[in-house]
1. Suppose we keep only residues that are of a type in the set (S, T, N, Q) and more than 16 Å from Leu245 (Cβ to Cβ) within region 286-338. Which one would you say is surrounded by the most Cβ atoms within 10 Å (Cβ to Cβ)?
2. Name the helices (runs of 4 or more DSSP H) wholly inside region 260-358 in which the number of residues that are under 19 Å from His377 (Cβ atoms) is 1 or more.
3. Does Val56 satisfy the condition of being among the β-branched types (Val, Ile, Thr), more than 23 Å from Ile119 (Cβ to Cβ), in the same structural domain as Ala139 (by TED's automatic domain parsing) and in contact with a Phe, Trp or Tyr (Cβ under 8 Å, 6 or more places away or on another chain)?
4. Looking at (1) loosely packed, with under 15 Cβ neighbours inside 10 Å; (2) of a type in the set (A, V, I, L, M); (3) under 21 Å from Asn152 (Cβ atoms), can you tell me which one Val5 breaks?
5. I'd like the full set of residues that are in a helix (DSSP H, G or I) and in contact (Cβ under 8 Å) with a residue 40 or more places away in the chain, limited to region 123-168.
6. Residue by residue through region 327-372, note down the ones that are among the basic types (Lys, Arg) and touching a Phe, Trp or Tyr at 6+ places or on another chain (Cβ under 8 Å).
7. How many residues does region 373-394 hold that are outside any helix (DSSP H, G or I) and either touching a Phe, Trp or Tyr at 6+ places or on another chain (Cβ under 7 Å) or surrounded by fewer than 18 Cβ atoms within 10 Å (Cβ to Cβ) (or both)?
8. Six or more apart or on different chains, Cβ atoms under 7 Å: show the pairs whose first residue is in region 74-96 and of a type in the set (Phe, Trp, Tyr) and whose second is surrounded by 22 or more Cβ atoms within 10 Å (Cβ to Cβ) and not in a helix (DSSP H, G or I).
Amino acid sequence: MENKVYYGEYSLSHWIDLILKKNLILPKYQRYFVWKEKDVKKLIETFKNKLFVPPVTIGAYKIDEANQNLILDGQQRLTSILLAYLGLYPDETEYKVLIEKFADENDDENEENEQLDNILEWKFSSLTEKGNNKKDILAKVSEGNYKKIDFNIEDNFLEKTFLGFSYLVPDISDKQNQKQLQQKYYSSVFRNINNEGKSLLPQESRDALYFLDDELIQFFKPDLCNLYTVKNLGSINKIDFVKYLSLLSQFYIDQSENNIARSYKPIMEKYYEDYINAVIENTDTKYGKFTDIFPNKKYDDRILKLQQTLNSLEVPKQFPSIIDMDMYFFGLIYTIVFENQTIDITKKDELIKEIEDKIIELKDDYTHKKTPSNLGHLRHRIISSIEIYEDYAS
């Protein structure tokens, strides 16, 4: 049996029905909805003008005897169609205002706050979880969470307008390795698709690899990744946890920073991807064997201790540069996650002062500040951060 691909088209009304009945789902690695309001309106106008809209890609995914249909490409388009049908758009501006208001009031238990959908990390499942029809969904939408928008859709527009699809059915004749084969196939499909509209960031594209072993998602991308950001070339980016894991894994094996990422400088993304694959396949590579470092793949307690230590040390949530973030995180992750040690919080002030002094020293070096991604500078931050934290480890 070979992998098969089928082609066809559905009316927009049928697509909406599939979404509302949860016959279409988003894989965990799919990014959030990123289209702007103008993008949604442009799509609807494109349909109205009978212009070409790229088809979506759906994949058949079988778990035991249950079938699921994964949205591999077309999330932004399908979500926009659903929003147009409901007459809504997730209101990021109003959401931020409400959250700041709740924070100012220190009203952590406010029921309205708990009912708000997180618009900053939003997918259409936030709406489909409220109900399987328009009436139920609109009745449960919190005020200020969504804009109400009239997309000027005429009667029968959804029934008479069509969107094409390609439907992928992978070969699953090997029943024993069914899950692994499907995940590997769809991970490669997702990463090879040229997404329409907003291009994927390297970290977003890399998310598809985590899908190869969903038990490791919280290792590669723990919840703390949503809390810590760094300013880079004018944009704000979340912490790249895999970067720290991969570089520190090689350091843990070599016990030296000298050869870390050697020959990878032009292709650091490949270095991170090679690490992810090595962890998933549990092979003995330059990063070491995952189960030798984390017996029985037990990493949960260490990640939890890392988050608790970050809180106790009151590590900043946003950093002005990658130099600052690296100095705070390399040594801390290495000490707790790899060496499974504990930081002496009673000496917090002395520890933070050492880190801040080192950051000033590095930024006083013009070449280091100008090209922090240089491998020599990166290795210097790794060893400097580890040496500081080791003095406070027990």
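The values are calculated or read from the model by the stated rules, or taken from the named source; none is laboratory data. These numbers were taken from a predicted model, which means no experiment stands behind them. Here the Cβ is made from the backbone with ideal geometry for all residues, glycine too, and neighbour counts use every protein chain on show.
1. Per the criteria, the residue is Thr309.
2. 268-281, 322-333
3. Criteria met by Val56.
4. It is condition (3) that Val5 fails.
5. Correct list: Ser125, Leu127, Thr128, Lys134, Ile137, Leu138, Phe157, Leu158, Glu159, Lys160.
6. The one that is among the basic types (Lys, Arg) and touching a Phe, Trp or Tyr at 6+ places or on another chain (Cβ under 8 Å): Lys347.
7. 5
8. What qualifies is Tyr89/Tyr146.
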